[in-house]
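A.B. asks: Before anything else, here's the structure in question.
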Amino acid sequence: MKPDLFEAPDYYNLDDLLSEEHLLVRDAARQWVKRDISPIIEDYAQKAEFPKEIIGGLAEIGAFGPYIPEEYGGAGLDQISYGLIMQEIERGDSGVRSTASVQSSLVMYPIFAYGTEEQRKKYLPKLATGEWMGCFGLTEPNHGSNPSGMETKYKDMGDHFLLNGAKLWISNSPFADVAVVWAKNEEGRIHGLIVERGMEGFSTPETHNKWSLRASATGELIFDNVKVPKENLLPGKSGLGAPLGCLDSARYGIAWGAIGAAMDCYDTALRYAKERVQFGKPIAATQLQQKKLAEMITEITKAQLLAFRLGQLKNEGRATTAQISMAKRNNVDMAIKIAREARQVLGGMGITGEYSIMRHMMNLESVITYEGTHDIHLLITGADITGIPAFK
């Protein structure tokens, strides 16, 4: 394994805008990635296996519910700290960031925001330490960009709910202890239910043969007459806005995380271009390679500014769904283009596991699709600026 020589680009001195706490949180995550992710991640990606031994480390750096109050086991940090942690983790690997993002924004957040005090006390502390891992059940085999069409349903049986249906493309599902599942009641209203591993009729088959997010565990959620206790219903919010509120938080984290992947690709390409000699000089001395590198750092800097301002708005409670969609779409698109350009800088070496670029590129093909596809986020912006939804 090559040493992790990563140096984060900061062309506009954005570190000057970060607080001392932001820097401490970011640097702790950065060092953890260098020590515990970089040495193992290529092997796990090749094996298509999630490295479960890193769960404790993710908890230690505050990656599980960093903005959840300390009384429930979270770190009580602000939204910029959350973004910086996601940035550093995705610098290591998008799949590892997915695991942390799901745990924080799609499991802990809805329990905190929509749950009862009893639910918060029961689940959040164990999710914060990684003792329990969670997943989020929204996407279905027949309903991706149109979650309102979901077919998963539950009935009121008097002393419990009876849940039936299936969810697909669920990160963490193969090993999750709890699942926050979105289903329709008998009136067709969407509600969140907490389903626990071990409930009869609940299974989580793993999805295999992925060329992307290979170091992340992905699977299904199958509900075959699952008896869910009534106290497991999230009462604080219902309707499609409830799961979409969770996705806002997760998409915000992705907007930061994609910057990390782009940074890693850029740093790798820059270092290689300075060292690789052709025709008697480093390829970094050629105009075409400088064009690639200059455009990469420009796009990264723009994405950093977009994410930072969005973080400020999140801290103030003023960030809109449409603003978050714009940042998610822009920053992931930026990252995947940089990965492709960086691969070209490395030539044939760019496709090997000796470097991280091809792994990032494959991972980002999932990131650009999940939690709102590239095109759907464009339509969210379009609807916001025109006032005319064009989703169908």
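We did not get these values from a lab; they are worked out from the coordinates using the rules stated. Keep in mind that what you see is a predicted model, and the values were worked out from it rather than measured. Every residue, glycine as well, gets a Cβ built from its backbone with ideal geometry; the counts of neighbours run over all protein chains shown.
A.B. asks: Helix 79-92 versus the longest principal axis of the chain: what is the Cα-based angle in degrees, 0 to 90, to the nearest 10?
C.D. replies: On a 0 to 90 degree scale, this one is about 60.
A.B. asks: Moving on. Once you sort the root eigenvalues of the Cα gyration tensor of region 26-173 as a ≥ b ≥ c, which label holds: rounded (a/c under 1.5), prolate (a/b larger than b/c) or oblate (the other case)?
C.D. replies: It comes out oblate by the Cα gyration axes.
A.B. asks: Moving on. Relative to the longest principal axis of the C-alpha atoms of the chain, give the angle of the C-alpha long axis of helix 241-275, reported between 0 and 90° and rounded to the nearest 10°.
C.D. replies: Long axis of 241-275 versus the principal axis of the chain: about 20 degrees.
A.B. asks: Residues in region 234-254 near a label at residue 189, defined as backbone nitrogen under 14 Å from the 7 Å Cα→Cβ point?
C.D. replies: 234-242
A.B. asks: What does the helix-only formula give at 222 nm for the chain: each DSSP H stretch with n ≥ 4 adding -39500 (n - 2.57), the total divided by the residues, and the result rounded to the nearest 500 deg cm²/dmol? Please report the intermediate quantities before stating the final value.
C.D. replies: Numbers: 12 runs with 180 residues, N = 392.
Taken over the chain, the calculation gives -15000 deg cm²/dmol.
A.B. asks: Quick one: what does P(r) look like for region 216-299 with 10 Å bins over all Cα pairs, in whole %?
C.D. replies: 13, 23, 21, 15, 13, 10, 5, 0
A.B. asks: Against the longest principal axis of the chain, how steep is helix 357-367, in degrees 0 to 90 to the nearest 10, with axes from Cα atoms?
C.D. replies: Roughly 30 degrees, rounded to the nearest 10.
A.B. asks: Further, regarding this structure: With a ≥ b ≥ c the root eigenvalues of the C-alpha gyration tensor of region 127-234, is it rounded (a/c under 1.5), prolate (a/b larger than b/c) or oblate?
C.D. replies: The shape class here is oblate.
A.B. asks: A further question follows. With a Förster radius of 35 Å, plug the Cβ-Cβ distance of residue 278 and residue 53 into 1/(1 + (r/R0)^6) and report the FRET value to the nearest 0.05.
C.D. replies: 0.30
A.B. asks: Between residue 392 and residue 322, what is the label-to-label distance in nm when each label sits 7 Å out along the Cα-to-Cβ direction?
C.D. replies: A separation of 2.1 nm, rounded to one decimal place.
A.B. asks: By DSSP, what percent of the beta bridges with both residues in region 79-220 are antiparallel, rounded to the nearest 5?
C.D. replies: If I count the DSSP bridges inside region 79-220, around 75 percent turn out antiparallel.
A.B. asks: Between residue 10 and residue 203, 0.36 nm times their residue separation minus their Cα-Cα distance comes to what?
C.D. replies: Gain in length upon complete extension: 64.9 nm.
A.B. asks: Going by a ≥ b ≥ c, the root eigenvalues of the Cα gyration tensor, does region 315-392 fall in the rounded group (a/c under 1.5), the prolate group (a/b larger than b/c) or the oblate group?
C.D. replies: Taking the square roots of the gyration eigenvalues as a ≥ b ≥ c, region 315-392 is prolate.
A.B. asks: Continuing with this model, one more query. Using only alpha carbons, build the gyration tensor for region 98-151 and give me the equivalent ellipsoid semi-axes, biggest first, whole Å. Don't skip to the end; give the middle numbers.
C.D. replies: Numbers: eigenvalues 116, 36, 13 Å².
After diagonalising the Cα gyration tensor, the semi-axes are 24, 13, 8 Å.
A.B. asks: Can you give the percent of C-alpha pairs in the chain whose distance is more than 38 Å?
C.D. replies: Beyond 38 Å sits 18 percent of the P(r) for the chain.
A.B. asks: Any number yet on Rg/Rh for region 38-88, C-alpha, Kirkwood? Present the calculation step by step, with values, prior to reporting the outcome.
C.D. replies: Numbers: Rg = 13.3 Å, Rh = 12.2 Å.
Rg/Rh: 1.09.
A.B. asks: Starting from the Cα of residue 286, step 7 Å along the direction of its Cβ; do the same at residue 271; then give the gap between the two resulting points in nm.
C.D. replies: About 2.2 nm separates the two model spin labels.
A.B. asks: Continuing with the same structure: Please give, to one decimal in nm, the separation of the simple spin-label points placed at residue 349 and residue 43, each 7 Å out from Cα toward the Cβ.
C.D. replies: 2.3 nm
A.B. asks: Which whole-number percent gives the relative contact order of region 1-146, counting Cα pairs below 8 Å spaced six or more residues apart? Walk me through the numbers before you get to the answer.
C.D. replies: Working: 144 pairs, mean separation 34.0, N = 146.
Once divided by the residue count of region 1-146, the mean separation gives 23 percent.
A.B. asks: Something else: How much of the DSSP beta bridge set in the chain is antiparallel, as a percent to the nearest 5?
C.D. replies: 85 percent
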